[in-house]
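Structure first, then comments.
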Amino acid sequence: MKKSTLGRACLAGGITALALGLVPSAAHADDAPVERKTLPVLVEFTDSSFQHPDKVAEGTPDTYFGDRKDSLASYFSELSRGRYTLVPAVDEQYIGPVELPMSAAGCDNGRINELTREALAEKGLTMGEDYESLSMVFPAQKTGCAWAGLATVPGPYTWINLYGTASGLGVLGHEFGHNMGWGHQTRSMCTDGDLVDCEVNGTSAKSLMGGGGPGAGVSAPELIRAGWLTDGEAVKVTGSGTFTLRSLHGEGSGVRALDIPMGEDRLVVEYRHAAGSFDDRIEGVHAYRVPEGDYGSSTLIDLTEANKTVGNDAPADADAVTALKDTASKVSVAVVSSGDGQAKVRVSLDGEDLSTVVDAPEPSAEPDPAHTGSDTNAGDAPLDGTQPQGGAEEPAADADAGAGAADENLAATGGSSATLPVALGGAALVAAGVTGLFLLRRRRNA
Ligand SMILES: [Zn+2]
């Protein structure tokens with residue numbers, strides 16, 4: 001049994017997560033593409049119904065599975081480059097509305113989950129067989145939920161506390177991202193250029209999981225966690241060398257990430273450049289610390305002045321890395337060149353002099369020609385540079401449970417303990433770092 005945590009966080013218009021055990025990804029990019037049978041269920045309460053049930057019902061198939069570029073399924077297909085597709089679990093593409101025998105008040109997400117699955121069982125639909133991902137969509141008016149979305153991390157469940165008639169990708173994509181095992185992505189400011197001295201400050205703005213909105217896609221550590229990069233695309237660096245990186249997103253071949261040993265942690269380096277629906281506002285080489293190999297809990301390393309991110313209208317490469325070092329593990333990185341869809345990065349391990357590092361053998365990397373300039377940023381408000389206010393409380397609950405015991409754990413923990421009352425001026429930004437840091441602490445204590 002894995003140690004589990006109850007994660008949480010989020011805010012106004014926000015987004016929350018329940019962490020139910022960190023299970024190392026078994027997926028691998030060389031495996032066959034995954035088709036995830038996904039079931040949106042519209043649920044109502046004895047005392048609360050959708051204000052426009054017909055519109056909600058009409059829009060649900062398109063929101064989840066539509067051909068348009070910003071449907072949930074299209075988004076994950078593009079992000080995974082076809083390796084992970086959400087497919088409808090039933091012909092009608094959704095179920096409901098189903099009235100649950102419970103009041104909306106109290107935001108009891110565990111009970112909503114239990115009663116929804118009971119209602120589905122009565123229709124002959126069983127979790128794990130007929131559907132693998134359950135998305136419970138309910139009217140927000142009387143629930144009192146402090147979040148717009150909630151999800152298991154990783155896991156099969158999402159809760160959508162729906163205002164209006166359809167969820168944006170900013171909420172849906174983010175919650176389904178939690179289901180992939182991705183926590184919230186923080187930013188570590190290491191302003192003297194050395195990774196031994198960093199301070200967590202805000203979020204990365206490089207990921208849908210770090211306040212970047214859907215247009216940021218996700219970062220290299222998250223793609224590695226999901227198993228969406230091949231060994232040739234995410235190169236494990238075992239010796240000093242110079243590497244050529246292509247853009248992280250987009251079609252084509254080449255190295256997309258460097259995965260570098262850094263003491264007990266890993267250092268992941270990527271090159272971001274507009275490609276397809278992603279990274280119109282992100283450019284340059286970026287680096288992340290991956291705590292003890294937990295690729296779902298990475299933090300962006302920012303060596304620049306505070307708050308110079310695309311989130312507050314700085315240039316797209318404002319927080320790009322040019323050089324960094326970690327004196328503790330004797331790792332150094334220098335960016336030789338960066339731009340036009342390609343970057344050259346020199347890596348030194350074991351304290352070797354960077355200037356003596358020579359080119360490493362590498363597959364050819366092609367600049368990405370596929371950029372269309374489209375922007376699917378929707379729903380999630382862009383990071384406005386506001387920092388979380390009021391501090392982050394410790395998670396209120398914590399339970400031992402394997403991934404298979406998710407239901408019991410959820411029912412036991414309930415929803416109210418999983419929320420973080422943080423006001424962020426309407427930015428659908430995640431409470432910075434709370435989940436990731438907490439997981440890291442737990443792991444070290446375990
Ligand atoms: Zn979240």
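Rule-based calculations on the coordinates, nothing more; no lab input. In this text the structure is predicted, and so the values were computed from the model without any measurement. Here the Cβ positions follow ideal geometry from the backbone for every residue, glycine too, while neighbour counts run over all protein chains shown.
Near Ala89, within a Cβ-to-Cβ distance under 12 Å, what is the net charge of the other residues, with Lys and Arg +1 and Asp and Glu -1? Write down the numbers at each step before the final one.
Numbers: positive: Arg36, Lys37, Lys123; negative: Glu35, Asp91, Glu92, Glu129, Asp130, Glu132.
Taking every other residue near Ala89 into account, the sum is -3.
With an 8 Å cut-off on Cα pairs and a minimum separation of 6 or more residues, tell me the relative contact order of region 187-356 in percent. Present the calculation step by step, with values, prior to reporting the outcome.
Details: 409 pairs, mean separation 39.3, N = 170.
Reported as a whole number, the value is 23 percent.
If we count other beta carbons within 10 Å of each Cβ, what is the order of Lys236, Lys330, Lys344, fewest first?
Details: Lys236 11, Lys330 14, Lys344 17.
Fewest-to-most ranking of Lys236, Lys330, Lys344: Lys236, Lys330, Lys344.
Which of rounded, prolate, oblate describes region 187-356, given a ≥ b ≥ c as roots of the alpha-carbon gyration tensor eigenvalues and a/c under 1.5 marking rounded, otherwise prolate only if a/b is larger than b/c? Don't skip to the answer; put the middle values down first.
Working: a/c = 1.39, a/b = 1.15, b/c = 1.21.
Rounded is the answer for region 187-356, as its axis ratio a/c remains below 1.5.
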